[in-house]
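Everything on this sheet refers to the single structure shown next.
The values are calculated or read from the model by the stated rules, or taken from the named source; none is laboratory data. Worth saying up front: this structure is predicted, and the values here are computed from it rather than measured. Here the Cβ is made from the backbone with ideal geometry for all residues, glycine too, and neighbour counts use every protein chain on show. Side chains included, ligands, DNA and RNA excluded: accessible areas come from the protein's heavy atoms. Shrake-Rupley method; radii C 1.70, N 1.55, O 1.52, S 1.80 Å.
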Amino acid sequence: MFTTAQIAKELDGEVIGDSALPLTGFAPATAARAGDLTFAENETFFLKAEQSAASAILIDGPFTSPGKTIIRVANARIGFARVLPLFFPERVFAPGQHPSAVVDPTAQIDPTAHIGPHCVIAEKAKIGAGVVLQGGNHIGRSVIIGANSRLFLNVVIYGQTQIGQRVRIHAGAVIGSDGFGYVFDNGVHRKVPQVGQVILQDDVEIGANVTIDRGALGPTTIGKGTKIDNLVQIAHNVSLGEHCLVVAQVGVAGSTKIGHYTTLAGQVGIAGHLKIGNKVTIAAQSGVMHDVPDGGKWLGAPAQPDRQAKRQMIALQHLPELIRRVSELEKLAALPPPTKPSEKG
């Protein structure tokens, strides 16, 4: 339980109303009960929150309510993200190894780490302080996992992978599998050995069933603070910058370099050996076939600057009417010229 004053202090906000009001939960307005805190980031949601059973409302606008205590913050969405862990803290795992875990004697495991059931940790792996392997995880040879990282169920980490601190990898992800490298030789596709590695820097989050391939020689790198959604494929030797957002079902082909603070929306496909700049946004279902400079929004397949792509989309909407008008003009042009009336002598 927290008071409104405690929540406001945590969020650098202010209380308008009862600063000693106890809050026992956090819920959306449609499900809130007495004792709950809810939040609203615009007038529509505020009206719903005001009519709800919630005891207090977290807002960032100039709204006031005679019947509710208000916690006003600079940004309600950020406040929501910061306050939610207070009411719903993450599960704590006790240090130690489950009896079913298989750990090579040369592996180094910090005594504060949690090694869950049916985990396999190969030779020379290093597991840092506070790491949690929830269960069914396979950690390959010479893998390094930094402090306070968490692997959810059935994550596979191939050998030589380096994982930074506070990294989260969700269920079913595979990190460090072979890159898709082949050369056509005498009628067959000869495999090019993939002897590089994957490096995940600090504070990266990897979604469920993501696959990140090891480099052919050098590393595949995911930059600090980057967040990758479910079902994403990152190919060998890709370099993904810091604090990027990669949404579901994106595919990035080999050796492409992506800058910092770039967003790839859902189902974006990026060809190989390209350079994508910093602070770029690629819209959903776009196909990128050439380099993209810093900044700006790109859209379409092949991707173009969004204004140009939108003009083309609008032009396509007018195409049926344009075709009809051209057809009518062609018919008029095909008519024989009108005959002059005969002159009588």
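To make sure I understand the rule: partners must be lysines, Cα under 21 Å from the Cα of LYS275, and not fewer than 8 residues away in the same chain. Which ones qualify?
The reachable lysines, counting only those whose Cα sits under 21 Å from LYS275, are LYS224, LYS227, LYS257, LYS297.
I'd like the distance between the alpha-carbon centres of region 276-310 and region 49-79, rounded to an integer number of Å.
Cα centroid of region 276-310 versus Cα centroid of region 49-79: 38 Å apart.
Among the GluC sites (Glu not before Pro) in region 1-91, which ones are in a DSSP loop with at most 15 other Cβ atoms within 10 Å of the Cβ? Mind listing them?
Filter output for region 1-91: GLU90.
Heads up, I need the accessible area for MET289: 1.4 angstrom probe, whole protein in place, Å², nearest 10.
Accessible surface of MET289 is approximately 130 Å².
What percent do you get for the relative contact order of region 92-180 when only Cα pairs under 8 Å and 6+ apart count?
Once normalised by length, the contact order is 20 percent.
Quick one: grab the alpha carbon gyration tensor of region 55-110, order the square roots of its eigenvalues as a ≥ b ≥ c, and give me rounded if a/c is under 1.5, else prolate or oblate depending on whether a/b is larger than b/c.
prolate
Do any trypsin sites (Lys or Arg not before Pro) in region 16-80 lie in a loop, going by DSSP, with at most 13 other beta-carbon atoms within 10 Å of their beta carbon, and if so which?
The qualifying sites are ARG33.
Select from region 85-151 those trypsin sites (Lys or Arg not before Pro) which occupy a DSSP coil region and have at most 12 other Cβ atoms within 10 Å, ordered by residue number.
The qualifying sites are ARG91.
Only Lys, Arg, Asp and Glu count, each charged at its Cβ (+1, +1, -1, -1), so figure out the dipole size of the chain about its Cα centre, rounded to 20 debye.
740
Sum -39500 (n - 2.57) across every DSSP H segment of at least 4 residues in the chain, then divide by the residue count to get the 222 nm mean residue ellipticity, nearest 500.
-5500 deg cm²/dmol
Pull up the DSSP beta bridges for the chain and report the antiparallel fraction as a percent, rounded to 5.
About 15 percent, rounded to the nearest 5.
Can you spot the lysines whose alpha carbon is less than 18 Å from LYS68's alpha carbon? Ignore those fewer than 8 places along the same chain.
Leaving aside lysines fewer than 8 places away in the same chain, those within reach of LYS68 are LYS48.
Just to be sure I understand, if you calculate volume of the Cα convex hull per residue in Å³ for this structure, which of [x] 231; [y] 152; [z] 252 do you get?
[z]
Work out the FRET efficiency for ASN75 and GLN285 from their Cβ-Cβ distance, taking R0 = 35 Å, and round it to the nearest 0.05.
The computed FRET efficiency comes out at 0.70.
Which helices, taking whole DSSP H runs in the chain, have alpha carbons extending 15 angstrom or more along the helix axis plus mean Kyte-Doolittle at least 1.0?
76-87
Gap in Å between the Cα centre of region 154-219 and the Cα centre of region 102-151?
18
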